[in-house]
1. Give the angle, between 0 and 90 degrees and rounded to the nearest 10, that separates the Cα long axis of helix 38-48 from the longest principal axis of the Cα atoms of the chain.
2. Using Cα atoms only, what is the angle between the long axis of helix 182-197 and the major principal axis of the chain, expressed in degrees (0 to 90) to the nearest 10?
3. What aspartates and glutamates sit close enough to residue 190 to cross-link, taking a C-alpha to C-alpha distance under 16 Å and skipping anything fewer than 8 places away on the same chain?
4. May I ask you to give the solvent-accessible area per residue for the chain, in square angstrom, as obtained with a 1.4 angstrom probe?
5. Let me know the shape class of the stretch 128-251, please: from the alpha-carbon gyration tensor, a ≥ b ≥ c as square roots of the eigenvalues, rounded when a/c is under 1.5, otherwise prolate if a/b is greater than b/c, or oblate.
6. Name the long-range amide H neighbours of residue 75: under 5 Å, sequence gap of 5 or more, or other chain; modelled H, no Pro or chain starts.
7. List the chymotrypsin sites (Phe, Trp or Tyr not before Pro) in the stretch 1-33 that DSSP assigns to loop (not H, G, I, E or B) and whose Cβ has at most 13 other Cβ atoms within 10 Å. Which are they?
8. On the protein heavy atoms, probe 1.4 angstrom, tell me the percent of accessible surface of the stretch 286-358 carried by carbon and sulfur.
Amino acid sequence: MSWNTFGRVFRFTTWGESHGPALGAVVDGCPPGLSLSEGDIQPFLDARRPGQSKFTTQRQEPDQVKILSGVFEGKTTGTPISLMIENVDQRSKDYSEVAKAYRPGHADYAYDAKYGFRDYRGGGRSSARETAARVAAGGVARLVIPEVNITAYVSEIGGDAIDPAKVDFAEIGNNPFFCPDPDAAKRWEKLVDDARKAGSSLGAVVECVATGVPAGWGAPLYAKLDSELASAMMSINAVKGVEIGDGFAAARLTGETNADPMRPGNEGPRFEANHAGGIAGGISTGQPVVVRVAFKPTSSILTPVPTIDRDGNATEIRTKGRHDPCVGIRGVPVVEAMMALVLADQKLLDRAQVGERG
């Protein structure tokens, strides 16, 4: 059995491959009566779309979404919503060498070891192209959680981090890196371009903040909000680490410095810190939910790397084609989408157990 579905009440299943005719998602469990059109989803796909700058892959895909089912007269019907995105700019011939040898760091060998067969064209199902379907599904999920605002941004590329004192969310759309620090964005232009010209790649850290999440979403044990978020983020291609709140830094604090002190407020407690990232005991506290996601450097690079072929013979490979010199950049809309999908699911789970709040 292959696992292509995520969620419990609000569920989505993605389908399709990097070089197939199309890919998409089926969203099930969406409440009826929500206004939904392609225009509600397209802006998020446009943010993820390739070929928008020299710092991303030059594959030219319009990523125009089509709603095939689940909507009637502009409203969701409560039945499965099928979303389709056509592939129009595949260049499978670029992967002739990949058919003969495994790309280190990629899923080539692991797929072959599991299935005894693999789609080498762009990585097939393991390609980050699949994330376009997640972003489309995330556009639907946002309609379920209108009270929540989700903002993600790149906080670090190649070890060069933003200055927290200079963070301005208004700057995120003013540069090709989704960067809230204009000085860091300037530095990253040379950093990423140098890696691109050298046929190499860089890793990145994406931070995502969700505000407006009420206290009470999540569960104490097996549907913890933070464990669901960690699972969602780790399922994204090239992600190798996830932190909630202070994450690993919390291990270097004392109990008193890691605590999030509370004081009386006008509408519930007023927190004086948010080391927990808005989640305690697996349940949201009403504070901003904060997640950081680490993306490894893109594995498909022009620099020759030692490897083996399918027969186990030593060789080396340089991956031709069009690839992101820093895959974390276009990971920003994907991280936002997975945050929305998890929160929509948790909202409906909460409603199923305790009913409407307030």
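1. For 38-48 against the chain, the angle is about 60 degrees.
2. Taking Cα atoms only, the helix is inclined about 20 degrees.
3. Straight-distance partners of residue 190: 156, 160, 181, 324.
4. On the way: 16580 Å² over 358 residues.
I get 46 Å² per residue for this part.
5. Details: a/c = 1.68, a/b = 1.61, b/c = 1.05.
Prolate.
6. 36
7. Details: sites: 3, 6, 10, 12, 15; in loops: 3, 10.
Sites meeting the loop and neighbour criteria: 3.
8. Numbers: 1510 of 3060 Å².
Answer for the stretch 286-358: carbon and sulfur cover 49 percent of the accessible area.
The values are calculated or read from the model by the stated rules, or taken from the named source; none is laboratory data. Computed from a prediction, not measured in an experiment: that's the story for all the values here. Note that we place each Cβ from the backbone using ideal geometry, even for glycine, and neighbour counts take in every protein chain shown. Side chains are part of the model used for accessible areas, which takes the heavy atoms of the whole protein and leaves out ligands, DNA and RNA. Shrake-Rupley method; radii C 1.70, N 1.55, O 1.52, S 1.80 Å.
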